[in-house]
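Everything below concerns the one structure shown next.
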C-alpha cells in the first residue's frame, strides 16, 4: 500500500514526492512513462561523451530565494548567465533587443537615451494589448516585430502571433542599454553535475519507490494507493471528456561535430530562415571541456509529446471545464505545466509544487489511514494554480 501515487517524475512530481517522503514520512510510488526521471529537464552524455539536454536547453533562473535554497539541497551550482543571438538579415545580433542589437542591425551609433526616442517613433499605439503581436508592435514597432518575432512565433506555435495571448511575447523584454543577458533574475545558475544528478538526489529516499517506463493507465489498477499527484495532461486524465487540449510538441535533431565549438553562445535563434527555431550548443551551458561539441536543432511540431500549452482564449475556456471537473475529484492533486495548462518556467513549477505540498499539509492529515479532508472543503486545496 502506497500513501501516494505520483504520476510524472519531472520537476512537479519529483519535488512533491520528495516533500511527501521527507516531511510526512509517507510512502510514495513515483512513476513515469519515459525510461528516466527528470522529465524534460533530463540530461545525459551522448555517444561522444558530451553532456546534452535530451529535450532541448533548460536554463535555471529565479528571483525566489526559497526556491533556490530548496533545490540547493540536491545540487551544487555553476554560475551561468544565458545569452542568445538571433540571425536576422544575415547577421547575428543579441536577443532580447537591446542597444547593441539596433546599432549593429542598422549601422547606427545611438546612446541609450537616443534609442528610447528611436523606438518611440516606431512603436504603434494599441488601444488594448491582448495578443502577442500587440505587445511587440506597441513597444518596438512593426518592422522589428516582423524581423524578430513573427516568423519565430509562427514556427514555434503554428499560428500567427495575433492569435496568441500576450503572455507569449511579454516574456521577452526590450532593453535600451547593452545588457545582453536573456534573463535578469537574481539567481542564474546551472546544476553543477547536471539536472539528472540533481533529480537522483532529490528522489533518493527509502520511502520513494520509482517505476519507469510505466504508463498511469497500466499502473493505476495494479497497485494500491490512497491519493494521486497527477502532473500529466489534465485532459488525458479525464479521457478527453470535453475534447483534447492543444499542446505544441518538439522534435530534436542531436548532432556531434568534430570541432571544439560551433557557435559563440549557447543558443542562436532563427526567426527568418530554416525550419528549426534555434540551435543549442551545450558546452556553453555546462562548462564541460571536450575536444568535440554537440548541438541540437529544434523543430516545433503539432504532433508528439506535449511540451507547451497553446495560450489562446478558446483553449483557456476548455481548460476551465477540466479544472472545474478536477476540483470535484476527490484525492487527486493536479500540478505542473501540463496538468494546470500554464506555460511555466522551471522555477515556477518548483514553486507550484512546494505551494501544493503546503496545501496538502493543511488539508490532509499526515497520519496514515486517516480519511483526508475533501479538496473542495478547503480553500487551501481547491486552486490548481499555486500562488508563486
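What follows draws every value from the coordinates through simple rules; no lab data is involved. Small disclaimer: the values here were computed from a predicted structure and weren't measured. Ideal geometry is used to build each Cβ from the backbone, glycine not excepted, and the neighbour counts take in all protein chains shown.
Taking 220, 166, 155 in turn, the Gaussian network model of the chain (Cα-Cα springs below 10 Å) assigns the largest fluctuation to 220.
Just report the Cα centroid separation between segment 18-69 and segment 81-135, whole Å. Using only Cα atoms to place each centre, the spacing works out to 35 Å. Which stretch or stretches of segment 121-147 have amide N atoms under 14 Å from the point lying 7 Å from residue 343's Cα along the Cα→Cβ direction? What the label zone holds, given the 14 Å backbone N cut-off, is 130-136. Applying the Kirkwood pairwise sum to the alpha-carbon positions of segment 103-192 produces a hydrodynamic radius of 14.5 angstrom. In the elastic network of the chain, a GNM with C-alpha springs shorter than 10 Å, the most mobile of 230, 74, 238 is 238. At full extension, residue 45 and residue 1 could sit 12.2 nm farther apart than now, given 0.36 nm per residue minus the alpha carbon distance. Cβ crowding within 10 Å, taken as a proxy for footprinting-reagent exposure, orders 281, 128, 18 from fewest neighbours to most as 128, 281, 18.
Label point of residue 239 set 7 angstrom out along Cα-Cβ; within segment 319-353, no amide nitrogen lies under 15 Å from it. Straightening the chain between residue 65 and residue 305 buys 83.2 nm, computed as 0.36 nm per residue apart minus the Cα-Cα spacing.
Remark: spin-label model distance residue 142-residue 218 equals 5.4 nm, labels positioned 7 Å along the Cα→Cβ axis.
Projecting label points 7 angstrom from Cα along Cα→Cβ for residue 181 and residue 204 puts them 3.1 nm apart. Axis of helix 112-122 versus longest Cα principal axis of the chain: the two differ by about 90°, to the nearest ten degrees. Compared with the direct C-alpha span, the chain from residue 272 to residue 255 gains 3.9 nm at full extension, assuming 0.36 nm per residue.
What angle, in degrees between 0 and 90 and rounded to the nearest 10, separates the Cα long axis of helix 313-327 from the longest principal axis of the Cα atoms of the chain? Approximately 20 degrees, to the nearest 10. GNM on the chain, alpha-carbon springs under 10 angstrom: the most fluctuating residue among 222, 340, 131 is 222.
Helical runs (DSSP H, four residues minimum) scored at -39500 (n - 2.57) apiece and divided by the length of the chain put the mean residue ellipticity at 222 nm at -8000 deg cm²/dmol. Helix 11-24 and the longest principal axis of the Cα set of the chain meet at an angle near 40°. Compactness of the chain was expressed as the Cα radius of gyration divided by 2.2 N^0.38 Å, which yields 1.04. Where in segment 114-155 is the amide nitrogen less than 16 Å from a point lying 7 Å along the Cα-to-Cβ axis of residue 167? Only 130-133, 135 pass the distance filter. Computed from the C-beta positions of residue 358 and residue 76 and an R0 of 35 Å, the FRET efficiency is 0.85 to the nearest 0.05.
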